[in-house]
Amino acid sequence: MQTTIEKSAGMGAVINDGVTTFRVWAPNADKIFVTGDFNDWSETNFPLESEQNGYWSGVTSDAQEDQEYKYLIHNGAHKFFRNDPYAFELTNSNGNTIIRSLDFDWEGDAFEMHDWNKLVIYELHVGTFNRKKADQVGTFEEVIEKLSYLKKLGINCIELLPVAEFAGGISWGYNPAHPFAIEQDYGGPEGLFRLVKEAHKAGIAIIMDVVYNHFGPSDVDLWQFDGWSENDKGGIYFYNDHRSATPWGDTRPDYGRQEVRRYLRDNALMWIEKYHCDGLRLDATSYIRYEGGGIGEKRAIDEGNQMMREINLELQTKYPKVLTIAEDLKGDEFVTNGIAYGGIGYGAQWDSHFVHPVREVLLDTRDDSRDLQKIVDALEYTYSGNVFKRVIYTESHDEVANGKARVPEEIQPGDAESEFAKRRAVLGMVLTLTAPGIPMLFQGQEFIEDEYFQDTEQLDWGKEVRLSGIRQLVSDVIKLRTGASGGATGLNGQHLDIIHFNPDTKILAFKRGGTEEDQALIILNFRNQEYLGYGIGVDDKQDWKLRINADWKGYDTDFSNLEVNDLQLEEQETDGRPFTGTFNIPGYGALIYTAAKN
């Protein structure tokens, strides 16, 4: 063992020129040893030195990449074997830390995510998305196999449910045991690296879902890490008073400690710098901001806001293309307001003002009581003066579980492929993909996946074959939305104009795009009644070209044969009055027009 070698900066096991530096924060330890493969798991021959600031470190040329180790922490008469808090890889969530450098061959990867106003996000769960065997979880490699499918669909951004090492192999991922390690059952660090690299080659960005509102609660070596705690709570990484409580365990990180904020900041940077992720989605940020998540008595956690500001500011400064998204769901633009203006500085937030009212309207069993005002309000809602500060959706992992189900399943329980269920589900997807905001789909939504999301059930790819027409419809709308098919740049802009809203007929029409953009006209019918020659008040003497009829029988045999045409003003007599062109509108139909070129 060498003791005169200069230590490398950084936390955990840092390899530099054949020498490994170990550094760990354990302010209440009396002494610490590193024990592992490299020293035959000796409990005494490699002590760390105190750096007099709560940190301990040591160097050795014996420890090499891929070897296993643990820290042996002494606190008084007690000793604890602990995995490295900065472990990049573990044998399993309850196993040993593996020395890893994460020195991947990125083959010159210089991918940059599309501008946020052109994103279409696809949320997926690695363990179920393309699971090949019912008794095994899905893997990163199996997601890679479907990248060509997602590219063909038109998706340009994947949001992964959390992949940090968690207890067991089956989970949504929101119980991180080791925040820096990658779930071994998914393929570990190498598997995630390959997924990101191959996604980038396909032109698809990766947003990583991370959990900073709690850890675990099981297999968490951070719990009473160095033997100290108060009130029988979690010790140095956690609050040790009433602030520790969350709905997922007594494990809220102590954001008041600079070392803990640094730990979470280092984790955020790891996803961007080590794995080339293009953004982060932070789970349940209201539980970082408030003790009870903003429900009931709102006891603010100011240092939680401080931690999020620090992360957002550093990412914006170093990596301005990186998108951070808050799952806050409190409708508070404080979350997306700029840091210079007193906000937290997120790039966008999941929008409760869209998903909840839109689902309510789609799921209403009676046409007469369907409230279109809620759709109008959902369309017009913005955060921080920018329509792209919100992520909009009708399905997410949360919205299709926890007592709720997929939209078509909710519409027609047990018969999600019924005509009404398909039509209204499609209506919701067209609305999502044409409304102001960053649209998001949940895995399988594009082919009417049914029931509810379970981490034990693989996605039913047989439905993708059976309902390929609806998948094609969704693809057609996505490509219009992203600009891949051209002619609708207005869908990428800030402009929204509600031009028709009839609570009786349940017809809603709106335009996207200003005078400098290729405008799009969207007509939605929330009643199961077709209308012939229906006027919606188009009075700008603009020809409109039909781009998508979502109720076309070519998309699904249950859909309508109603003839829907372009709107051309040539040779139409108006007697000097404003022209208010008419349209044929299918029941539960969605029509997308773009302005015809002069």
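The values are calculated or read from the model by the stated rules, or taken from the named source; none is laboratory data. Predicted, not measured: the structure shown is a model, and the values here were computed from it. Quick reminder, even Gly has a Cβ in these numbers, built from the backbone with ideal geometry, and neighbours come from all protein chains shown. For the accessible areas, the whole protein counts, side chains as well, though only heavy atoms, and no ligand, DNA or RNA atoms are used. Shrake-Rupley method; radii C 1.70, N 1.55, O 1.52, S 1.80 Å.
Looking at (1) of a type in the set (V, I, T); (2) in contact with a strand residue (DSSP E or B) (Cβ under 7 Å, 6 or more places away or on another chain); (3) modelled with pLDDT under 95, which is the only condition I585 fails?
For I585, the exception is condition (3).
Among the residues of segment 9-34, how many are without any contact (Cβ under 8 Å) to a residue 40 or more places away in the chain and among the polar types (S, T, N, Q)?
Matching residues across segment 9-34 total 2.
Out of K146, K133, report the one residue that is touching a helix residue (DSSP H, G or I) at 6+ places or on another chain (Cβ under 9 Å) and free of Cβ contacts under 8 Å to residues at least 24 places away in the same chain. Show your work before the answer.
Details: K133 fails: touching a helix residue (DSSP H, G or I) at 6+ places or on another chain (Cβ under 9 Å).
Within the list K146, K133, the selection yields K146.
List pairs: first in segment 95-114 and free of Cβ contacts under 8 Å to residues at least 24 places away in the same chain, second surrounded by 10 or more Cβ atoms within 10 Å (Cβ to Cβ) and of a type in the set (K, R), Cβ under 9 Å, 6+ apart or cross-chain?
Pairs found: D105/K197.
Matching residues to (1) farther than 26 Å from G347 by Cβ; (2) of a type in the set (D, E, K, R):
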| site | (1), (2) |
| --- | --- |
| E399 | no, yes |
| G403 | yes, no |
| P408 | yes, no |
| P413 | yes, no |
| S418 | yes, no |
| R423 | yes, yes |
| V426 | yes, no |
| T434 | no, no |
| F442 | no, no |
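Among all residue pairs at least 6 apart or on different chains, which show Cβ distances below 9 Å where the first residue, located in segment 543-563, is touching a residue at least 60 places away in the same chain (Cβ under 8 Å) and over 15 Å from Y593 (Cβ atoms) and the second is open to solvent by 70 Å² or more (accessible area, probe 1.4 Å) and assigned to a loop (DSSP other than H, G, I, E, B)?
F559/K553
Can you list the helices (runs of 4 or more DSSP H) lying wholly within segment 414-532 that have 2 or more residues being free of Cβ contacts under 8 Å to residues at least 60 places away in the same chain?
419-434, 461-466
How many of the residues making up segment 295-310 are of a type outside the set (D, E) and either in contact with a Pro (Cβ under 7 Å, 6 or more places away or on another chain) or open to solvent by 10 Å² or more (accessible area, probe 1.4 Å) (or both)?
The total comes to 8.
When segment 229-245 is examined, which residues are found to be among the charged types (D, E, K, R), in a loop (DSSP other than H, G, I, E, B) and surrounded by 16 or more Cβ atoms within 10 Å (Cβ to Cβ)?
Answer for segment 229-245, where residues must be among the charged types (D, E, K, R), in a loop (DSSP other than H, G, I, E, B) and surrounded by 16 or more Cβ atoms within 10 Å (Cβ to Cβ): just K233.
Suppose we filter D209, D221, D226 for residues that are crowded, with 22+ Cβ neighbours inside 10 Å, over 18 Å from T139 (Cα atoms) and touching a Lys or Arg at 6+ places or on another chain (Cβ under 6 Å); which single one remains?
Every option except D221 fails the conditions.
Go through segment 233-291 and give me each residue that's acidic (D, E) and over 19 Å from the mean Cα position of the chain (by Cα).
D241, D250, D254, E259, D266, E291 - these are the residues of segment 233-291 that are acidic (D, E) and over 19 Å from the mean Cα position of the chain (by Cα).
List the pairs whose first member sits in segment 152-169 and is at positive phi, whose second member is open to solvent by 10 Å² or more (accessible area, probe 1.4 Å) and outside any loop (DSSP other than H, G, I, E, B), and whose Cβ atoms are under 7 Å apart, counting only residues at least 6 apart or on separate chains?
Taking only residues 6 or more apart or on different chains, the pairs are G154/K479; G154/T482.
Suppose we keep only residues that are surrounded by fewer than 20 Cβ atoms within 10 Å (Cβ to Cβ) and in contact with an Asp or Glu (Cβ under 8 Å, 6 or more places away or on another chain) within segment 34-48. Which one would you say is farthest from N83 (Cα to Cα)?
Among them, the one singled out is N39.
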